[in-house]
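A.B. asks: Structure provided below as structure tokens; questions to follow.
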Amino acid sequence: MTFKFNMKQHISNTVFYGKDGYQQLQRILDHTKPSKVFILTDQNTAQHCAPKLLTHLSHITDPVMLQIPNGEQSKSIDQCKQLWQFMSDQGADRRSMLLNLGGGVVTDLGGFVAGTFMRGLKFVNIPTTLLGMVDAAIGGKTGVDLNGLKNQIGIMHFPELVLVDPDYLKTLSSEDVKSGWAEVMKHGLIEDRAYWEFCSKMNVNQIINWETIILTSNNIKLKVVQSDTYEKDNRKILNFGHTFGHAIETYRLKKDQSMPLSHGAAVAIGMVMAVYFSVQLTGLDSSVAVDIRARILHYYKLEHFDDNAQKSIEELLVFDKKNSKGQPNFILLESIGKAVIDQKVPSSMYSDAFRFYATGEI
Ligand code: GLY
């Protein structure tokens with residue numbers, strides 16, 4: 001099966017790329033005439049990305065810069081309060097617009113701040129990380145963490161525009177790129193076997209033409225989101241690997257804030273575990289599962305989870321947003337490209353899945 005890039009699949013009227021994106025931003029600003037433009041960055045994007053964006057906004061008088069510290073710790077209600085207060089002090093009103101320039105933390109937090117300030121400001125996402133471009137900035141999910149638990153507070157609030165400029169990826173470290181790469185592989189595993197075959201063999205440090213990857217992942221995500229925007233049903237497949245992934249990410253954040261695991265590295269582990277459950281419960285071929293594990297782990301260092309760590313991670317599953325009656329609902333695979341939602345996994349299988357992750361033994 002060969003992967004063929006299909007430009008015609010592109011189906012969104014809110015996601016624009018490169019030069020087209022800046023032109024669309026200009027059209028939106030001309031049309032909506034915001035009373036004030038706020039630009040949210042973190043420390044990195046203030047330094048490395050804002051200068052480029054500002055050259056495209058030279059006609060905007062006095063945009064107000066908002067800056068948050070780097071990292072997941074900024075996704076908090078305390079940080080929201082500071083931003084709401086600052087915007088209020090600067091005279092923000094309902095016709096103000098927020099431009100979120102950054103990775104998933106900036107777009108999740110900024111979308112939530114925009115959606116809740118005066119019951120909703122218009123906003124634009126300008127993702128600067130691979131994770132943001134292929135996933136976080138698209139689809140309307142916004143929110144913050146609560147007591148270290150990922151995305152517990154949030155709303156759906158849809159950006160006027162997602163401006164994807166792959167040029168910003170040049171500012172990323174290889175670790176940052178790998179954090180988005182798990183979501184790229186996820187898109188192949190849940191929806192498109194040829195895409196999985198194409199991307200799971202790539203050297204991420206040698207990719208020059210990011211457009212093919214970003215557009216293909218965006219097409220997959222947008223098709224799913226358009227079929228079930230509010231995640232009643234099929235959109236859940238986008239959470240493949242995230243049930244254990246979020247629990248592992250949260251566990252590491254709580255355990256040692258100086259040694260967090262990136263979202264992608266945690267989702268990669270969650271996907272390997274979900275692949276194990278898929279062999280046991282939904283008929284995924286075991287040799288395919290072993291091959292998926294090997295290809296995913298090619299990109300990420302093997303992490304060690306002792307019995308205590310496994311127990312703590314399992315306890316965090318209770319906070320997963322897809323749970324019903326306290327029971328986690330997993331997304332599993334019947335085959336590569338065919339995901340199924342709402343799967344119950346007996347908790348007795350969890351330790352076997354950790355073993356499969358560690359050793360590759362089914
Ligand atoms: N990141 C999963 C979703 O947007 O539904």
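The values are calculated or read from the model by the stated rules, or taken from the named source; none is laboratory data. All figures in this text were calculated on a predicted structure; none of them were measured in a lab. Heads up, the Cβs are rebuilt from the backbone with ideal geometry, glycines too, and the neighbour counts pull from every protein chain shown.
A.B. asks: Among the residues of region 222-232, is there at least one that is assigned to a helix (DSSP H, G or I), of a type in the set (D, E, K, R) and closer than 19 Å to A136 by Cα? Please lay out each step first, then the result.
C.D. replies: Applying the first criterion (assigned to a helix (DSSP H, G or I)) to region 222-232 yields 222-227.
Applying the additional criterion that residues be of a type in the set (D, E, K, R) yields 223.
Subset that is closer than 19 Å to A136 by Cα: 223.
Yes; the residues of region 222-232 include at least one that is assigned to a helix (DSSP H, G or I), of a type in the set (D, E, K, R) and closer than 19 Å to A136 by Cα.
A.B. asks: Identify, by number, the condition in (1) under 27 Å from Y230 (Cβ atoms); (2) in contact with a strand residue (DSSP E or B) (Cβ under 6 Å, 6 or more places away or on another chain) that V318 doesn't meet.
C.D. replies: The number of the failed condition is (2).
A.B. asks: Next up: In region 261-295, what residues are β-branched (V, I, T), closer than 17 Å to E361 by Cα and touching a Gly at 6+ places or on another chain (Cβ under 9 Å)?
C.D. replies: Hits for region 261-295 are I269, V272, V275, V290.
A.B. asks: Separate question: Take the conditions in contact with a Lys or Arg (Cβ under 8 Å, 6 or more places away or on another chain) and aromatic (F, W, Y) and apply them to Y195. Does it pass?
C.D. replies: Numbers: in contact with a Lys or Arg (Cβ under 8 Å, 6 or more places away or on another chain): no; aromatic (F, W, Y): yes.
Criteria not met by Y195.
A.B. asks: Which one of the conditions (1) surrounded by fewer than 24 Cβ atoms within 10 Å (Cβ to Cβ); (2) within 13 Å of the ligand (Cβ to nearest atom); (3) among the charged types (D, E, K, R) does D93 fail to meet, given that it meets all the rest?
C.D. replies: Just one mismatch for D93, condition (2).
A.B. asks: Among (1) touching a residue at least 12 places away in the same chain (Cβ under 8 Å); (2) more than 11 Å from the ligand (Cβ to nearest atom), there is one condition N147 misses while meeting the rest; what is its number?
C.D. replies: The one condition N147 does not meet is (1).
A.B. asks: Is it the case, given these coordinates, that F244 is within 12 Å of the ligand (Cβ to nearest atom), surrounded by 20 or more Cβ atoms within 10 Å (Cβ to Cβ) and touching a residue at least 40 places away in the same chain (Cβ under 8 Å)? Spell out the reasoning first.
C.D. replies: Numbers: within 12 Å of the ligand (Cβ to nearest atom): no; surrounded by 20 or more Cβ atoms within 10 Å (Cβ to Cβ): yes; touching a residue at least 40 places away in the same chain (Cβ under 8 Å): yes.
So F244 does not fit the description; no.
A.B. asks: Is there any pair linking a residue in region 221-237 that is more than 15 Å from L189 (Cβ to Cβ) and within 9 Å of the ligand (Cβ to nearest atom) to one that is among the basic types (K, R) and assigned to a helix (DSSP H, G or I), with Cβ under 8 Å and at least six apart or on different chains, and which?
C.D. replies: Between residues of region 221-237 that are more than 15 Å from L189 (Cβ to Cβ) and within 9 Å of the ligand (Cβ to nearest atom) and residues that are among the basic types (K, R) and assigned to a helix (DSSP H, G or I), the close pairs are V225/R235.
A.B. asks: Taking A194 as the residue in question, decide whether it is more than 11 Å from the ligand (Cβ to nearest atom), among the small types (G, A, S) and under 26 Å from D145 (Cα atoms). Steps first, answer last, please.
C.D. replies: Details: more than 11 Å from the ligand (Cβ to nearest atom): yes; among the small types (G, A, S): yes; under 26 Å from D145 (Cα atoms): no.
Criteria not met by A194.
A.B. asks: Here is a further query. State yes or no: is G140 within 15 Å of the chain's Cα centre (by Cα) and at pLDDT 95 or above? Spell out the reasoning first.
C.D. replies: Details: within 15 Å of the chain's Cα centre (by Cα): yes; at pLDDT 95 or above: yes.
Taking the combined requirement at face value, the residue satisfies it.
A.B. asks: Continuing with the same structure: So which residues in region 122-136 are surrounded by 24 or more Cβ atoms within 10 Å (Cβ to Cβ) and either on the phi > 0 side of the Ramachandran plot or more than 10 Å from the ligand (Cβ to nearest atom) (or both)?
C.D. replies: Step one: list which residues in region 122-136 are surrounded by 24 or more Cβ atoms within 10 Å (Cβ to Cβ), which gives 123-136.
Within region 122-136, F123, V124, N125, I126, P127, T128, T129, L130, G132, M133 qualify.
A.B. asks: A further question on this structure: Please work out if F112 is within 16 Å of the ligand (Cβ to nearest atom), among the aromatic types (F, W, Y) and without any contact (Cβ under 8 Å) to a residue 60 or more places away in the chain. Give the derivation first.
C.D. replies: Details: within 16 Å of the ligand (Cβ to nearest atom): yes; among the aromatic types (F, W, Y): yes; without any contact (Cβ under 8 Å) to a residue 60 or more places away in the chain: yes.
When the stated conditions are applied, F112 passes them.
A.B. asks: Let me ask something else about it. When you go through K254, K170 one by one, which is the residue that is more than 14 Å from the ligand (Cβ to nearest atom), over 25 Å from M156 (Cα atoms), touching a residue at least 24 places away in the same chain (Cβ under 8 Å) and surrounded by fewer than 18 Cβ atoms within 10 Å (Cβ to Cβ)? Spell out how you get there, then give the answer.
C.D. replies: Values: K170 fails: touching a residue at least 24 places away in the same chain (Cβ under 8 Å).
The conditions single out K254.
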